1. Give the number of residues within region 157-188 that are at pLDDT below 60 and not hydrophobic (A, V, I, L, M, F, W, C).
2. Does at least one position in region 285-293 carry a residue that is of a type outside the set (Ser, Thr, Tyr), open to solvent by 10 Å² or more (accessible area, probe 1.4 Å) and within 20 Å of Ser330 (Cβ to Cβ)?
3. Among the residues of region 468-482, which ones are open to solvent by 60 Å² or more (accessible area, probe 1.4 Å) and modelled with pLDDT of 90 or more?
4. Collect the residues in region 375-393 that are within 13 Å of Ser417 (Cβ to Cβ), open to solvent by 10 Å² or more (accessible area, probe 1.4 Å) and of a type outside the set (Asp, Glu), keeping them in residue-number order.
5. Using the structure shown, decide if Gln150 is open to solvent by 80 Å² or more (accessible area, probe 1.4 Å) and either among the aliphatic types (A, V, I, L, M) or modelled with pLDDT under 95 (or both).
6. Can you find, within region 172-188, the residue that is most open to solvent (accessible area, probe 1.4 Å) among those that are under 18 Å from Asn222 (Cβ atoms) and of a type in the set (S, T, N, Q)?
7. Among the candidates Thr113, Thr108, which residue alone is buried (at least 19 other Cβ atoms within 10 Å of the Cβ) and either over 46 Å from the mean Cα position of the chain (by Cα) or hydroxyl-bearing (Ser, Thr, Tyr) (or both)?
8. Working carefully through the options Gly21, Gly29, find the one that is at positive phi, among the small types (Gly, Ala, Ser) and modelled with pLDDT of 50 or more.
Amino acid sequence: MKKFIALSLAAIMVVSVCACGSEKTKSAGKEIFSCYDLEVQNFAESFDALEIVTMIYQKNHEVSEKFILEDKKQINKLFQALCKVEVLEKTEERASDYDDIFIFTLRTAQAFTFAFNQHHLVIGNDAYYVQGDEELWKIAKEISSSENAQGEVKGQMEDYQKKEESQQEKIKVIPTAAEQVVLEDYQTSEFSMKLPTGWVVNSGGDGMAFSLCAYDPQNPVNQVFVLLKAMPLMHDANSKGYYEQSQQMYGGNYYIMADAPALENPSTENFYQIFSSYASFAEKDEPSYYGYTFPRFHDFTVMEAFESNSNMKSIAINPALLRASFTDESGRRGEGMFTADVVDFSGNLQDASWMFGFDTGYYMAYNIMAVTAEENSFIDWESILCQCLASIDFTDAFVSNAIAQSNETVANSRQLSQTLSDTSDMIMSSWETRNTSDDIIRQKQSDATLGFERIYDTEKDKIYKATNGWSDKYADDRFKLVTDDSMYTRPIDGYIDY
């Protein structure tokens with residue numbers, strides 16, 4: 001039979017670090033807990049049987065037997081007997097089939113193990129003679145006696161197992177909205193894409209001015225947004241008066257330039273800083289957006305910036321892929337990934353600055369895309385949103401129309417669908433290299449604010465949220481309180497309702 005020296009209880013911490021060293025103790029013997037590290041000593045000093053969930057006695061003699069105690073009086077009685085044990089000098093005596101192991105498991109799932117071989121204390125790779133252990137073995141014999149084994153203690157073990165099985169049957173997990181997503185096909189005369197069942201798609205604009213927003217009507221901040229081109233974005237806010245005067249004198253479309261927002265420091269970040277202003281301008285002045293509403297990204301705050309791999313990177317001004325937070329038009333907080341390429345397309349207009357004392361030129365922005373979700377939940381939605389973005393496929397009729405309307409060599413209209421797919425890949429690869437330390441902090445702060453703790457399901461390799469304190473009552477070998485920070489970088493699979 002296998003020698004049972006190290007008992008592995010999945011995902012619970014077992015502490016047994018030797019502090020005795022190789023020195024022999026005095027003949028009076030050494031108090032048992034002083035031979036372990038400070039953590040074990042603290043456990044012994046503050047021992048409270050009420051904080052012990054179970055005490056397992058593993059008896060590996062000719063046969064292997066396990067006895068589980070939950071009765072607090074019995075647990076306390078055994079612990080007091082353990083306190084009387086004194087440690088003497090080392091011994092080389094070992095037996096292959098004579099191990100006795102006592103494991104005290106706290107409500108926190110932390111466990112403290114005390115192992116004996118042939119009644120010698122085993123710490124690490126060393127064994128020690130002991131004295132004062134008579135009461136300990138008397139109690140161990142009572143626990144494992146044939147009479148008791150068929151009665152109270154065996155019954156406790158069976159009751160414990162039944163209770164555990166019954167408890168797990170009662171635990172109900174409600175999947176997150178992201179976990180419940182089923183993607184379905186969506187198609188118009190202009191494009192097709194995959195989107196979650198129940199989501200809504202709005203679109204507007206002709207040719208290269210085309211825009212779409214696919215979103216969850218229950219939580220609109222969960223969305224996929226695309227705008228092929230935004231224009232004009234003025235170089236100088238002072239040009240507004242010039243274009244207003246030109247409109248009054250000459251008519252035509254000068255009012256568009258007068259109404260357009262200024263992007264005085266061109267970059268991807270600063271474009272999104274003024275995006276809400278641009279959206280209001282476009283809805284007002286561009287007839288093809290009639291009935292279409294752009295999303296808004298108020299209070300746009302960059303959390304992290306990544307290098308852009310856009311197909312317009314070489315001509316764009318300060319391009320980047322941004323991870324940012326924002327507030328939408330209804331006051332909902334969101335976060336997501338954003339990209340845009342700002343290009344100078346002013347031609348000779350800016351040359352007039354010598355005459356007027358200000359720059360009359362303008363920029364355009366291309367490849368404007370965003371995938372966003374409710375604040376602190378983007379980690380759950382990222383892969384789904386990227387799938388939706390990558391699935392967008394423009395029809396031949398739409399592409400032909402876009403080419404016909406565009407006189408810009410940089411438009412790359414024939415590659416529109418591929419651009420969206422490439423952007424999705426760029427977002428996913430950047431997400432994998434994000435600063436997870438900040439994520440962990442934010443997720444912990446969110447849990448603390450909302451009153452949640454995270455539970456790891458060891459059987460299904462899933463992570464759930466539960467109301468604070470749930471683990472104190474229901475944590476077991478399957479459901480364990482999350483203590484590994486790396487688990488805070490994984491999506492949440494559901495909420496425990498029990």
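The values are calculated or read from the model by the stated rules, or taken from the named source; none is laboratory data. These numbers come from a predicted model, not from an experiment. Heads up, the Cβs are rebuilt from the backbone with ideal geometry, glycines too, and the neighbour counts pull from every protein chain shown. Ligands, DNA and RNA are excluded from the accessible area calculation, which covers all protein heavy atoms including side chains. Shrake-Rupley method; radii C 1.70, N 1.55, O 1.52, S 1.80 Å.
1. The qualifying residues number 12.
2. Taking every residue of region 285-293 in turn, at least one turns out to be of a type outside the set (Ser, Thr, Tyr), open to solvent by 10 Å² or more (accessible area, probe 1.4 Å) and within 20 Å of Ser330 (Cβ to Cβ).
3. Those that are open to solvent by 60 Å² or more (accessible area, probe 1.4 Å) and modelled with pLDDT of 90 or more: Asn468, Leu481.
4. Of everything in region 375-393, those that are within 13 Å of Ser417 (Cβ to Cβ), open to solvent by 10 Å² or more (accessible area, probe 1.4 Å) and of a type outside the set (Asp, Glu) turn out to be Ala390, Ser391.
5. Yes.
6. Applying the filter and picking the extreme gives Gln180.
7. Step by step, each of Thr113, Thr108 is checked, and only Thr113 is buried (at least 19 other Cβ atoms within 10 Å of the Cβ) and either over 46 Å from the mean Cα position of the chain (by Cα) or hydroxyl-bearing (Ser, Thr, Tyr) (or both).
8. Sole residue among the options that is at positive phi, among the small types (Gly, Ala, Ser) and modelled with pLDDT of 50 or more: Gly29.
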